[in-house]
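Take a look at the structure below.
Please treat every number below as a calculation from the coordinates, not as lab data. Please read these numbers as outputs of a predicted model, since none were measured by experiment. Cβ atoms come from the backbone with ideal geometry, glycine included; neighbour counts cover every protein chain shown.
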Amino acid sequence: MNEKPPLQAWLLLLLLALVWGSSFILIKKGLVSLSPLEVGSIRMLSASITLLPFVISRFKLIRREKIKYFIAVGLSGSFIPAFLFAIAQTRIESAVTGILNTLTPLFTVLFGLWFFKQRQKASVWIGIVVGFIGSVLLITAGSEGQLSKINFYGFFIIIATMLYATNSNLIKYQLSEYRSVTITSISLFVVGPFAAITLFGFSDFTSKLGQEGTLQAVLYICLLGVLGTAIALIIFNKIVQLTNPVFTSSVTYIIPVIAVVWGLIDGETLLLSHLLGMLAVLIGVYITNQTHLIRKSGRR
């Protein structure tokens with residue numbers, strides 16, 4: 001059986017890469033006037049509100065035993081990563097954040113192997129190791145390009161990519177019977193109240209509203225929530241259903257390119273160690289993804 005991704009999947013993949021590749025610069029702009037807690041909360045709240053009209057008609061379609069998976073998808077694919085990326089970008093440039101995000105396909109395969117009993121060839125492990133070597137280069141790059149002490153804020157991004165990988169597998173193996181709009185709207189709906197409680201109960205957001213630059217920062221994050229989270233997740237979930245989790249995660253081939261371009265436009269400096277790290281991660285992702293797709297196309 002030929003499982004070659006359709007043209008629609010490739011077009012959606014490119015659109016998703018453009019949207020998500022621009023997310024990191026929007027987070028950076030939001031952090032100028034907002035705290036990471038506020039950035040994550042506003043992002044989730046705006047995304048949840050955007051898709052609220054879809055919830056009313058679709059919530060009744062959810063089987064009770066599947067509710068736990070929608071909650072898990074909401075937490076792993078949206079809520080927790082929104083805060084992790086915001087925290088990380090207080091100490092890491094947006095371009096480097098976009099590069100580290102490319103670890104997602106590696107964890108997708110790894111978790112598929114561990115939790116969903118997928119069998120993989122030895123070359124997959126080679127790809128995973130190469131990718132992790134690249135991530136080490138990225139989080140240990142000094143200001144002059146030399147290896148330095150570990151920037152522990154990089155681990156926030158690594159944890160976020162692990163959660164994204166969990167999300168991909170959950171959608172494919174537990175929620176494939178539902179349409180992408182249903183998965184996205186319901187999963188964001190269940191985390192929306194937590195975002196509201198966090199924003200208005202655990203931050204000083206309301207006291208900042210009159211300050212210069214706050215409104216602009218809020219607009220950046222609302223744009224991120226609507227396009228980079230709500231709409232993008234619909235596209236993401238649709239691609240997962242059209243193909244497989246590893247193909248969908250390959251959006252991270254293109255995301256770092258978009259993120260780097262935005263970073264350079266904004267005056268960020270990309271060092272040789274960053275480029276080497278990005279190359280290693282992308283090679284690791286390529287090896288892993290190609291091996292997975294070859295195995296899939298060879299099945300009958």
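What's the total number of residues in the stretch 230-277 that are over 22 Å from Lys4 (Cα atoms), surrounded by fewer than 21 Cβ atoms within 10 Å (Cβ to Cβ) and either hydrophobic (A, V, I, L, M, F, W, C) or under 14 Å from the mean Cα position of the chain (by Cα) (or both)?
12
If you check Trp10, Trp20, which single one turns out to be surrounded by fewer than 18 Cβ atoms within 10 Å (Cβ to Cβ), part of a helix (DSSP H, G or I) and on the phi < 0 side of the Ramachandran plot?
Working: Trp20 fails: surrounded by fewer than 18 Cβ atoms within 10 Å (Cβ to Cβ).
Sole residue among the options that is surrounded by fewer than 18 Cβ atoms within 10 Å (Cβ to Cβ), part of a helix (DSSP H, G or I) and on the phi < 0 side of the Ramachandran plot: Trp10.
Sort out for me the helices (runs of 4 or more DSSP H) sitting completely within the stretch 170-229 that have 1 or more residues that are crowded, with 17+ Cβ neighbours inside 10 Å, of a type in the set (Phe, Trp, Tyr) and over 19 Å from the mean Cα position of the chain (by Cα). If you could, list the steps in order and put the result at the bottom.
Details: elements: 180-201, 205-208, 214-223.
Per the criteria, 205-208.
Looking at the stretch 64-84, I want the residues that are among the aromatic types (Phe, Trp, Tyr) and have a partner that is not in a helix (DSSP H, G or I) with Cβ atoms under 6 Å, at least 6 apart or on another chain. Which pairs are those?
Going by the 6 Å Cβ cut-off, the qualifying pairs are Tyr69/Leu175.
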